[in-house]
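Derivation of every value follows stated rules applied to the coordinates shown; laboratory data play no part. Nothing here was measured: the structure is a model prediction, and the numbers come from that model. Quick reminder, even Gly has a Cβ in these numbers, built from the backbone with ideal geometry, and neighbours come from all protein chains shown.
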Amino acid sequence: MAAVADDWRLIVALDDDESSRELVEWLGEVRLEAGERRPLGERVIVSRDGPRVFLYADTEDRARRVESMVLAKLGHPAAGRVELARWHPAEQRWEDASMPMPQTDEEWEAEHDRLQEREEDESLAAGYGQWEVRVELSSHDETVVFAERLEGEGIPVVRRYTYLLVGAVNEDEARELAERLEAEAPEGARVEVEPGGQMVWEVAPQNPFAVFGGLGT
């Protein structure tokens with residue numbers, strides 16, 4: 001699984017929307033000399049959500065340089081409101097910068113397994129899949145026939161004019177299902193795995209995970 005382009009995130013929690021807006025405006029107006037500008041790299045992405053400001057950088061050194069700039073602007077009392085996090089690609093989430101990255105194959109696999117378990121738990125709690133498989137077919141007739149075939153095997157689908165959606169509790173299950181559907185779909189079909197929405201399991205709200213009954217071995 002790929003990491004996001006900017007692997008480090010600085011979160012600045014302020015008192016209110018106005019304070020965060022003022023910080024973003026200040027960041028947008030900062031002008032640095034070449035010697036000061038170069039260590040920050042090509043870009044530092046800034047976004048705002050209510051009283052929180054998010055700054056994204058591609059290395060720890062650049063993130064910490066940005067942190068120093070922000071603290072200098074806000075003053076010492078802001079130190080407890082600034083959090084540095086690092087993206088963990090195997091678990092697909094932001095974690096405190098002090099958390100070590102996996103170093104061995106076993107550690108990477110364990111972190112990946114934790115992600116799959118978390119996605120499954122979230123799917124079960126939400127009542128819909130965190131991932132889904134999209135099957136795009138060449139014609140409406142092919143779509144109808146393939147959908148009826150899957151439903152006959154106990155796999156609930158959402159059917160639209162020339163594509164189907166099938167839900168999965170986590171990415172591993174989605175990719176396993178996609179591999180099977182790609183082999184069974186009519187020639188020319190396009191199969192993609194993507195983070196899911198709420199569409200698929202609305203067709204079977206009392207038993208949303210019936211999709212796995214048709215996977216087989």
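Odds and ends about this structure:
- Sum of side-chain charges, SER19 neighbourhood, beta-carbon under 15 Å (Lys, Arg +1; Asp, Glu -1): -2
- Net +/- balance of residues flanking VAL82 in space, Cβ distance below 12 Å, scoring K and R +1, D and E -1: +3
- All other residues whose Cβ lies under 14 angstrom from that of GLU148 are scored, Lys and Arg at +1 and Asp and Glu at -1, for a net of -3.
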